[in-house]
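Below is one structure; the comments refer to it alone.
The values are calculated or read from the model by the stated rules, or taken from the named source; none is laboratory data. Keep in mind that what you see is a predicted model, and the values were worked out from it rather than measured. Backbone-built Cβ (ideal geometry, glycine too); neighbour counts: all protein chains shown.
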Amino acid sequence: MFLADCQARLAFDLLANTWNAVVVWSLRHGPRRPGELRGQIGGISHKVLTETLRRLEFNGLVERHAYAEAPPRVEYALTGLGRSLLAPIETFGAWAFEHADEVLAAQDRWEEETIASPTPPRAERPS
């Protein structure tokens, strides 16, 4: 199912980027200007938000609307394809909420075992 040419990998690649799912989720209630998105999301730089929006636009998940006004105004909105990702993102978020403590405990155990071990670990800590 997840071979190199598998279409499911495309979906995982879209969600693997830290900000893609966050931006899609932030657009679920309608169009937003970049400044509104930054305020809503928090912790994302202007540059990273711009790169994320361009990547999502490239993949057909968001559309950019530029208005011929002074000063110029730009808004981003989900496409139908982008809206179709909301349910999987919500499911993934629910899983994360339910299992976050278990994942953090596993990370703590791994670090404790690695530090306590007199021999170097077989694998480096994953990022």
Query raised in the report: When the residues of the range 21-52 are filtered to those that are loosely packed, with under 14 Cβ neighbours inside 10 Å and of a type in the set (S, T, N, Q), which remaining residue is nearest to VAL74 (Cα to Cα)?
Result: THR50
Report task. Quick one: in the range 72-94, of everything that is exposed (fewer than 11 other Cβ atoms within 10 Å of the Cβ) and of a type outside the set (Ser, Thr, Tyr), which residue is nearest to THR50 (Cα to Cα)? Result -> PRO72
Query raised in the report: more than 13 Å from the chain's Cα centre (by Cα), surrounded by 10 or more Cβ atoms within 10 Å (Cβ to Cβ) and of a type in the set (D, E, K, R) - does that describe any residue in the range 99-106?
Result: no
Query raised in the report: Among the residues of the range 4-20, is any more than 13 Å from TYR76 (Cα to Cα), modelled with pLDDT of 95 or more and part of a helix (DSSP H, G or I)?
Result: yes
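When you look at ARG55, is it modelled with pLDDT of 95 or more, surrounded by 13 or more Cβ atoms within 10 Å (Cβ to Cβ), under 22 Å from ALA11 (Cβ atoms) and more than 14 Å from the chain's Cα centre (by Cα), yes or no? I'd like the intermediate steps shown before the answer.
On the way: modelled with pLDDT of 95 or more: yes; surrounded by 13 or more Cβ atoms within 10 Å (Cβ to Cβ): yes; under 22 Å from ALA11 (Cβ atoms): yes; more than 14 Å from the chain's Cα centre (by Cα): no.
Criteria not met by ARG55.
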Requested in this report: Name the single residue, out of those in the range 58-83 being in contact with a strand residue (DSSP E or B) (Cβ under 9 Å, 6 or more places away or on another chain), at pLDDT 95 or above and assigned to a loop (DSSP other than H, G, I, E, B), that is farthest from ALA8 (Cα to Cα).
Outcome: THR79
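Let me confirm something: among GLY35, GLY30, GLY43, which residue is modelled with pLDDT of 95 or more, more than 12 Å from the chain's Cα centre (by Cα) and assigned to a helix (DSSP H, G or I)? Give the derivation first.
Numbers: GLY30 fails: assigned to a helix (DSSP H, G or I); GLY43 fails: assigned to a helix (DSSP H, G or I).
Only one candidate qualifies: GLY35.
For residues in the range 114-127 being exposed (fewer than 11 other Cβ atoms within 10 Å of the Cβ) and either touching a Pro at 6+ places or on another chain (Cβ under 8 Å) or of a type in the set (A, V, I, L, M, F, W, C) (or both), which is modelled with the lowest pLDDT?
Filtering the range 114-127 for residues exposed (fewer than 11 other Cβ atoms within 10 Å of the Cβ) gives 115-120, 122-127.
Checking the rest, the ones that are also either touching a Pro at 6+ places or on another chain (Cβ under 8 Å) or of a type in the set (A, V, I, L, M, F, W, C) (or both) come to 115-116, 123.
Values: ILE115: 84, ALA116: 78, ALA123: 61.
Result: ALA123.
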